[in-house]
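Reading through the C-alpha cells given below for one structure.
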Amino acid sequence: MFKILSTKALAPNIKCFEFEAPYIAQKAQPGQFVVVRINETGERIPLTIADTKKDQGVVIIVFQEVGKTTKLLGTLKAGDYVLDLLGPLGKPSEIKYYGTVVCIGGGVGTPEIYPIARALKEIGNKVVTIIGARTKELLIMVEEMRSVSDELYITTDDGSYGTKGLVTDELKRLISQGIKIDKVFAVGPVIMMKAVSETTRPYNIPTVVSLNPIMLDATGMCGVCRVEVGGETKFACVDGPEFDGHQVNFDTLMMRLKTYLKEERVSLELFEKQSHKCCGGQ
Amino acid sequence: MAKVSEKKVPMREQDPKARIKNFQEVPFGYTEEEAVLEAKRCLQCKKPGCVKGCPVEIDIPAFIARIAERDFKNAIKIIKKKNVLPAICGRVCPQEDQCEKECVLAKKMEPVAIGRLERFAADWEAENNLVEIPPKQPSTGKRVAVVGSGPAGLVFAGDLAQLGHEVVIFEALHKPGGVLIYGIPEFRLPKAIVEREIEYVKQLGVKIITSFVVGQTKTVDELLQEFDAVFIGTGAGLPWFMNIPGEHLNGIYSANEYLVRTNLMKAYLFPEYDTPIVRGRRVAVIGGGNVAMDAARTALRLGAETSTIVYRRSRKEMPAREEEIVHAEEEGVRFEFLTLPVRYYGTEDGWVKEIECVRMELGEPDASGRRRPIVIPNSEFRIPVDTVVVAIGQSPNPLIPKTTPGLEIGKHGNIMADEKTGKTTKKGVFAGGDIVTGAATVILAMGAGRIAARACDEYLKTNIW
Ligand SMILES: Cc1cc2nc3c(=O)[nH]c(=O)nc-3n(C[C@H](O)[C@H](O)[C@H](O)COP(=O)(O)OP(=O)(O)OC[C@H]3O[C@@H](n4cnc5c(N)ncnc54)[C@H](O)[C@@H]3O)c2cc1C
Ligand SMILES: Cc1cc2nc3c(=O)[nH]c(=O)nc-3n(C[C@H](O)[C@H](O)[C@H](O)COP(=O)(O)OP(=O)(O)OC[C@H]3O[C@@H](n4cnc5c(N)ncnc54)[C@H](O)[C@@H]3O)c2cc1C
Ligand code: SF4
Ligand code: FES
C-alpha cells in the first residue's frame, strides 16, 4: 500500500500526485518510471517519475486522465492509498556533458522531460527547452522548466500562448539559425517524437526519445512493450524506455498502441456510468 | 499377493464440453474411497523405484501405506517432510517421467497414481483444517534475502525459516508464486491452492515483500549489505520470439503476456477486472510444451472457435505432459504437426490475419536426441487467424545478471551455480531454479531451492564459502 500525500490539478485533466515511496525515491533517476496498480481489480499502468524528494521519501507523478485507470487515479485524494507502486523501472537517461542540448516536451511529456533537463543543466550543459501544447491552458510546468533552462521556447497549436505552431517548427528555426546542437531529448506523444526525429535526422543530431508502449509487468517478462529499434526487437521496459529516435520504428509503435481501443472504451463507459451513480447521478 | 487391477482408479473430471466454458479446475480429485482403493494397488516394494524417480525423495511407499490404512494425517506428514508444496506438485509434476515411470507396476500395467494420491493427501489436510505449523527453531540472528517467489524461492525460504533464520522474499510482481500464479492457468492449478501453500510458507515465519524488483528497487549488492546471504530464484521469464516478418502485428502475443493477462490480471473477467485481452475467434499457438497447451486451452475458454497448436515436430516429440495433451485434444484443440511459421500477414490497420507456414519432415536426431525437423521445399500454406500466441520458450530473466557484478553468467544468460550447493561465483549469493537451469519444472526448482537452503545454512553457521 502506498499513500498519496498530496494532489494538485495542473491543467484540465492533468494532475500531479505526491506518493510516499521511500525505496523508489531513494533510487529514482531521470528517465525512469513506476508502475501503478490502484486496487485489486486494477490494471498495471506505467507513469514517469517527474520528481522526487529523496530526504522525505516522496515520488512525484504527473499524469493525464485519458482512460479508466488514469481517471480513477484522478479521483483519489491525499490520504488515500494505491495498492502497488513498483519501481524505479527502466534505464535512467544518459546524463553527461554534451554541450548544447535541446529538450523538447509535448503535453504531459513536459513533466517527464523536466528531471532530464534539470540533470543536464546541473552538470553544465547549455539547455534549450521547447515545450508545446494544444492550447494555453494545457501548458504545464512552465516556471519549473524555465528555472532549469538557458533558453525556453513555447509553442501552442492555436497560438494562444508563445509561438503558434508545433515544437518541431521551433526546432527547425533553431537549426536554421545554425546553432550547434549536440543532442536532442524529446518526450511526448509518439507522433511528436517521430516528427522531432525526422527533423533532426538530416542534420545527424543525436536524438533520444522516450517510448510509451503498452506495458504489463514492466520487468521484461511479457514482451508486450516490444518495439523495433534498428531492425531489432527491444523491450521498452528494460532496454528503454529511451532509444535513439533515428532507429525507432514509430509506425509499428503507433499501431500497437491501438490494440485495446475497443476494450478501453468499454472500460471507460462503465466507469463513467458507475461514478455517476455513486455521486447521485449528476 | 493379491491381484492388482491393471489400471489406475480413474479420476473424475469436468466434461470437456462444459469445462471449455469456465476456468474451474478440470480433474475433481479422488474421494477418500477412491484414494484408499488406489493406494491399495501399491506393492510396498522393499527397493522402491518410485522414490528414486522423485527429485525430492518423498518416502512414497510409506505415505501410500498410510492412505491405504486411512491414516491420512500421517500420510501428509510424511510427504511434507520432503515437499512443502504437495497440493501443487500433485497437480503439475510430470509424474509419468518421474516417480510413476520408475514404479514397478509400470512395467506391466499402469503405475500407481502417485501424483493423484499426493494431491489427495494435501487437499484432505487443507479441507479438514489440519495444516500444522512445525515448531520454530530458536532464532539464529542471521538474515537471508530471497529474490523471486516461485517454487525455488519458496522452498528455499521455508527451509531456512524453519532453521531459525530470518527470511525475507522480494517479489517483482504484486502477487507471490512465480509461474504458479502468473503462468499455469486456474483450470489446471487453482490460485486458491497456490495462495494456501504460500500462506503456509508465511506461517513458517517468512516475510514476503511484493512489487519490489531486485536490480531496480535495490541491487543484489545492496541486499548483501543488509542480509547475510541472498538466494536468487528469478526464473526464466524472458519470452522468445521467432523474429520472423510481421511479428509486431497486433494480436500476436508472447505466451507470458497471454497467460499473465489471464491468470494474474484476470482478463477473462474483463470488464469487472480492468485488464483486457483480445478474445480471438481463430487462435493459433506456436509451440508444443506445457506453456503452449495452457495457452491453447485458455484460448478456448476465452471463447475461441478454433484453437490450433502449430508445432514443428510430431506429436511424439511434443515436450508437454501427456495428460495436458490429452486434455487439450478432448477439449477440441487442433494440431498442425510438422509445421513451421515463417511469416505473418496483417490487415491494413495492423492486425494479424494469416500465418504463412511450411511443412517439415523429421531428419536425423539432433543434440536433444529428438529427430531434427527439416523444411519441405515449396510446401507453403497459410492459416487464417486473428490471434497468435508464441510459446516457443523463454530464457533466464536478465535483470539480475545484468546488475550484479561478480556473478558468472552462462552463455544462455543463466546464472552459474554449483549443482550440489547452489553457490554462485559471488560470496554469499546462491541461485537455483529456472534462472540456473533454463525453463524446467516445478519440482526441479523446488529441489534446487532445498539444496541451496542446506548449503546456505552451513554457510551462515561457518562463514566458509
Ligand atoms: C514508460 C511510460 C511512461 C509513461 N509516463 C506517463 C506519464 O508520466 N504521464 C502520463 O500521463 N502518461 C504516461 N504514460 C502513459 C500512461 O501509461 C497511459 O496513459 C495509461 O496507461 C493510460 O491508462 P488508462 O486506463 O487511463 O487509459 P486507457 O483507456 O487504458 O488507454 C489510453 C491509452 O493509453 C495507452 N495505454 C493503455 N494501457 C497502457 C499500459 N498498460 N501501458 C502503457 N500505455 C497504455 C494506450 O495508448 C491507450 O490507447 C507512460 C507510458 C509509458 C509506457
Ligand atoms: C505456462 C507454464 C506452464 C508450466 N507447466 C508446468 C507443469 O505442468 N509442470 C511443471 O513441473 N512445470 C511447469 N512449468 C515450469 C515451472 O513452472 C517452472 O519450471 C518453475 O516455476 C520454475 O520455478 P522458479 O522458482 O525457478 O521460477 P518462477 O516460477 O519463474 O518464479 C520466479 C519469480 O521471480 C520473480 N522475479 C523475477 N525477476 C525478479 C527480480 N529482479 N526481482 C524480484 N523478483 C523477480 C518473478 O516475478 C517470479 O515471480 C510451466 C511453466 C509455464 C510458464
Ligand atoms: S514402485 Fe510403485 S508399487 Fe513400488 S512402492 Fe513405489 S509406488 Fe508402490
Ligand atoms: S512490459 Fe512486459 S516485457 Fe516490458
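Of the residues in segment A:102-126, how many are crowded, with 24+ Cβ neighbours inside 10 Å and over 23 Å from residue A:4 (Cα atoms)? Steps first, answer last, please.
Quick first cut of segment A:102-126, residues crowded, with 24+ Cβ neighbours inside 10 Å only: A:102-106, A:108-117, A:120.
Subset that is over 23 Å from residue A:4 (Cα atoms): A:102-106, A:116-117, A:120.
So the answer is 8.
Note on segment A:1-56: among residues that are within 16 Å of ligand 2 (Cβ to nearest atom) and outside any strand (DSSP E or B), the one that is nearest to residue B:264 (Cα to Cα) is A:44.
Here segment A:51-91 is the region considered, the condition is being on the phi < 0 side of the Ramachandran plot and among the small types (Gly, Ala, Ser), and the residue that is farthest from the other protein chains (Cβ to nearest Cβ) is A:78.
Looking for something assigned to a strand (DSSP E or B), among the charged types (D, E, K, R) and within 14 Å of another protein chain (Cβ to nearest Cβ) - is there at least one such residue anywhere in segment A:114-129? Show your work before the answer.
So the first thing to find is which residues in segment A:114-129 are assigned to a strand (DSSP E or B), and the list is A:126-129.
Narrowing the set further to residues that are among the charged types (D, E, K, R) leaves A:126.
When the remaining residues are screened for being within 14 Å of another protein chain (Cβ to nearest Cβ), the result is none.
No, there is no match, as no residue in segment A:114-129 is assigned to a strand (DSSP E or B), among the charged types (D, E, K, R) and within 14 Å of another protein chain (Cβ to nearest Cβ).
For segment B:35-48, a residue qualifies if it is free of Cβ contacts under 8 Å to residues at least 40 places away in the same chain and under 25 Å from residue B:326 (Cα atoms), and exactly one does: B:37.
Here is the figure for segment B:405-434: residues that are β-branched (Val, Ile, Thr) and not in a loop (DSSP other than H, G, I, E, B) total 3. Of the helices (runs of 4 or more DSSP H) contained entirely in segment A:173-282, those carrying at least 2 residues that are more than 14 Å from chain B (Cβ to nearest Cβ) and either within 26 Å of residue A:43 (Cβ to Cβ) or of a type outside the set (Lys, Arg) (or both) fall at A:190-200, A:261-278.
Regarding residue A:233, is this residue touching a Lys or Arg at 6+ places or on another chain (Cβ under 7 Å) and modelled with pLDDT under 95? Explain how you work it out, then say what you get.
Values: touching a Lys or Arg at 6+ places or on another chain (Cβ under 7 Å): yes; modelled with pLDDT under 95: yes.
So residue A:233 passes the test.
Just so you know, in segment A:196-253 the residues that are within 16 Å of ligand 1 (Cβ to nearest atom) and basic (Lys, Arg) include one that is surrounded by the most Cβ atoms within 10 Å (Cβ to Cβ), and it is A:226.
For (1) more than 30 Å from residue A:230 (Cα to Cα); (2) within 16 Å of ligand 1 (Cβ to nearest atom); (3) more than 10 Å from every other protein chain (Cβ to nearest Cβ), each residue gets a yes or a no:
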| position | (1), (2), (3) |
| --- | --- |
| B:185 | yes, no, yes |
| B:190 | yes, no, yes |
| B:201 | yes, no, yes |
| B:208 | yes, no, yes |
| B:215 | no, no, no |
| B:223 | yes, no, yes |
| B:248 | no, yes, no |
| B:255 | no, no, no |
| B:263 | yes, no, yes |
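This table checks each residue for (1) within 16 Å of ligand 1 (Cβ to nearest atom); (2) away from chain A (no Cβ under 14 Å); (3) at pLDDT 95 or above.
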site	(1), (2), (3)
B:334	no, yes, yes
B:353	no, no, yes
B:361	no, yes, no
B:365	no, yes, no
B:370	no, yes, no
B:383	no, yes, yes
B:411	no, yes, no
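Here residue B:371 qualifies as touching a residue at least 40 places away in the same chain (Cβ under 8 Å) and farther than 20 Å from residue B:438 by Cβ.
Residues of segment B:99-133 that are touching a Pro at 6+ places or on another chain (Cβ under 7 Å) and buried (at least 21 other Cβ atoms within 10 Å of the Cβ): B:100, B:103, B:118, B:121, B:122. Has segment B:199-216 got any residue that is of a type in the set (Phe, Trp, Tyr), touching an Asp or Glu at 6+ places or on another chain (Cβ under 9 Å) and closer than 30 Å to residue B:15 by Cβ? Within segment B:199-216, none of the residues are of a type in the set (Phe, Trp, Tyr), touching an Asp or Glu at 6+ places or on another chain (Cβ under 9 Å) and closer than 30 Å to residue B:15 by Cβ.
Please find, among A:121, A:77, A:126, the residue that is more than 27 Å from residue A:19 (Cβ to Cβ) and among the charged types (D, E, K, R).
Details: A:121 fails: more than 27 Å from residue A:19 (Cβ to Cβ); A:77 fails: more than 27 Å from residue A:19 (Cβ to Cβ).
Criteria check complete, one pass: A:126.
Could you tell me whether residue A:41 is without any contact (Cβ under 8 Å) to a residue 40 or more places away in the chain and within 24 Å of residue A:257 (Cα to Cα)? Taking the combined requirement at face value, the residue satisfies it.
Examine segment B:306-324 for a residue that is buried (at least 24 other Cβ atoms within 10 Å of the Cβ) and within 14 Å of chain A (Cβ to nearest Cβ), and state whether such a residue exists. No; the residues of segment B:306-324 include none that is buried (at least 24 other Cβ atoms within 10 Å of the Cβ) and within 14 Å of chain A (Cβ to nearest Cβ).
Residues of segment B:137-187 being among the acidic types (Asp, Glu) and either closer than 18 Å to residue B:213 by Cβ or out of contact with any strand residue (DSSP E or B) (no Cβ under 8 Å at 6 or more places or on another chain) (or both), which ones? Once the filter is applied, which keeps residues that are among the acidic types (Asp, Glu) and either closer than 18 Å to residue B:213 by Cβ or out of contact with any strand residue (DSSP E or B) (no Cβ under 8 Å at 6 or more places or on another chain) (or both), segment B:137-187 yields B:159, B:171, B:186. Filtered by the rule that a residue be part of a strand (DSSP E or B) and surrounded by 16 or more Cβ atoms within 10 Å (Cβ to Cβ), segment B:373-404 gives B:373, B:383, B:387, B:388, B:389, B:390, B:394, B:395. Exactly one residue out of B:34, B:57, B:96 is over 30 Å from residue B:451 (Cβ atoms) and more than 16 Å from ligand 4 (Cβ to nearest atom): that is B:34.
Restricting attention to segment B:225-246, report how many residues are more than 7 Å from chain A (Cβ to nearest Cβ) and under 27 Å from the mean Cα position of the chain (by Cα).
Of all residues in segment B:225-246, those more than 7 Å from chain A (Cβ to nearest Cβ) come to B:225-236, B:240, B:242, B:244-246.
With under 27 Å from the mean Cα position of the chain (by Cα) added as a condition, the list becomes B:229-236, B:240, B:242.
Residues that pass the stated criteria total 10.
The values are calculated or read from the model by the stated rules, or taken from the named source; none is laboratory data. Since the structure is predicted, the reported quantities are computational estimates derived from the model, not experimental observations. Counting neighbours? That spans all protein chains shown, and the Cβs are built from the backbone with ideal geometry, glycine included.
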